[in-house]
Amino acid sequence: GFFAEDKTEDEALVEMDSKLDEITFNCGASDSVIYLSGSNNFRKKIYPAYKANRKQEKPKHFQALRNYLIKVEQAEVAEGQEADDALGIAQSDTTIICSLDKDLLMVEGWHYNWRRDETVEITKEEGLRNFYRQLLTGDTVDNVPGIHGIGPKKANDLLAGCFFEDEYNKVVLAAYRDYFPHCSEAEVINHINIIGRLLYIRRKEGEEWRFDI
């Protein structure tokens, strides 16, 4: 939408339509399904400040473009969750997620970034590492807090040598214990659960991530 700020509504629609065809062709897909985020995102109920830092106004033709996707392209609206969750749920060994969002790289399978014209395959192990890295760093883009002072490099260092979920959980618990020295273990685990649920991309309908130590 932002690429069409200086164009008419019709020109914006044509440009978007062309881009969708280009993405489908370049990623090697035979067909495509478009997902849009709906209302009542469950993350907002968990943490009202989720994405509260996003002050940028919508593109000029936002509503017209969205309506076109729903009415003409038969886009599916992910009510109660985000389009990212719908993509994670739909992902299989015969699909490819087309997105610029790094958060989706926690989902196993094929991914296509149209800005880089780059296709990558994320293994189950890589997806797990990407998720737990975010669990330590948080996500400033979505206003999800992590551990202050831990960036991607330090998170990778802490998680080095972890291969299984229980190993990752022990490292994350130890890091958050150090960060909240005056909290009980139950309080720390509850905090990790909240952060994890905000960050985790669903693989099943209604799925809710739970910290298990």
Worksheet, complete the sentence: Subset of region 29-48, residues under 25 Å from Thr94 (Cα atoms) and open to solvent by less than 80 Å² (accessible area, probe 1.4 Å), comes to Ala29, Ser32, Ile34, Tyr35, Leu36, Ser37
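Just to verify a result, which residue in region 149-172, among those that are among the aliphatic types (A, V, I, L, M) and under 16 Å from Ile195 (Cβ atoms), is most open to solvent (accessible area, probe 1.4 Å)?
Out of the qualifying residues, it is Leu158.
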Item to complete: Show the residue pairs that are 6+ apart or on different chains and have beta-carbon atoms under 8 Å apart, the first residue being within region 97-108 and touching a residue at least 24 places away in the same chain (Cβ under 8 Å), the second being open to solvent by 60 Å² or more (accessible area, probe 1.4 Å).
Response: Cys98/Ser32; Cys98/Trp114; Leu105/Glu126; Val107/Arg203
Fill in: Some residue of region 58-68 being in a helix (DSSP H, G or I), open to solvent by 60 Å² or more (accessible area, probe 1.4 Å), closer than 30 Å to Leu136 by Cβ and of a type outside the set (Gly, Ala, Ser)
no
Practice prompt. Scan region 94-108 residue by residue and report those that are outside any loop (DSSP other than H, G, I, E, B) and of a type in the set (Val, Ile, Thr).
Written response: Ile96, Ile97
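Considering only residues that are open to solvent by 60 Å² or more (accessible area, probe 1.4 Å) and in contact with a helix residue (DSSP H, G or I) (Cβ under 9 Å, 6 or more places away or on another chain), look in region 120-148 and name the one that is nearest to Asn26 (Cα to Cα). Please lay out each step first, then the result.
In the first step, residues of region 120-148 are kept if they are open to solvent by 60 Å² or more (accessible area, probe 1.4 Å); the result is 121, 124-126, 140-141, 148.
Still in the running and in contact with a helix residue (DSSP H, G or I) (Cβ under 9 Å, 6 or more places away or on another chain): 126, 141, 148.
On the way: Glu126: 24, Val141: 28, His148: 39 Å.
That would be Glu126.
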Worksheet entry | Residues that are open to solvent by less than 20 Å² (accessible area, probe 1.4 Å) and not in a helix (DSSP H, G or I), drawn from region 69-84 | Ala75, Ala78, Gln81, Glu82
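So, Lys51, is that one modelled with pLDDT under 95, surrounded by fewer than 15 Cβ atoms within 10 Å (Cβ to Cβ) and under 21 Å from the mean Cα position of the chain (by Cα) or not? It would help to see each step written out before you state the result.
Numbers: modelled with pLDDT under 95: yes; surrounded by fewer than 15 Cβ atoms within 10 Å (Cβ to Cβ): no; under 21 Å from the mean Cα position of the chain (by Cα): yes.
No, not satisfied.
Does region 1-28 hold any residues that are open to solvent by 90 Å² or more (accessible area, probe 1.4 Å) and over 12 Å from Phe62 (Cβ atoms), and which are they? If you could, list the steps in order and put the result at the bottom.
Within region 1-28, the subset open to solvent by 90 Å² or more (accessible area, probe 1.4 Å) is 2-3, 6, 9-11, 14, 21, 25.
Phe3, Asp6, Asp10, Glu11, Val14, Asp21, Phe25, listed by residue number.
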Response to the item:
Filtering region 147-163 down to residues that are at pLDDT 95 or above and under 21 Å from Trp209 (Cα atoms) yields Ile147, Ala155, Leu159, Cys162
Worksheet item: What single numbered condition from (1) more than 26 Å from Ser92 (Cα to Cα); (2) without any contact (Cβ under 8 Å) to a residue 60 or more places away in the chain fails to hold for Glu165?
Response: (1)
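Determine whether Arg116 is in a loop (DSSP other than H, G, I, E, B) and more than 21 Å from Ile46 (Cα to Cα). Write out each step before concluding.
Working: in a loop (DSSP other than H, G, I, E, B): yes; more than 21 Å from Ile46 (Cα to Cα): yes.
In short, yes.
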Worksheet item: Take the residues of region 186-213 that are free of Cβ contacts under 8 Å to residues at least 12 places away in the same chain and in a helix (DSSP H, G or I): which is least open to solvent (accessible area, probe 1.4 Å)?
Response: Ala186
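The values are calculated or read from the model by the stated rules, or taken from the named source; none is laboratory data. Everything quoted here is computed from the prediction, not taken from an experiment. Cβ sites come from the backbone with ideal geometry, for glycine too, and all protein chains shown count toward neighbours. When the accessible area is computed, the model is the full protein with side chains, heavy atoms only, and any ligands, DNA or RNA have been set aside. Shrake-Rupley method; radii C 1.70, N 1.55, O 1.52, S 1.80 Å.
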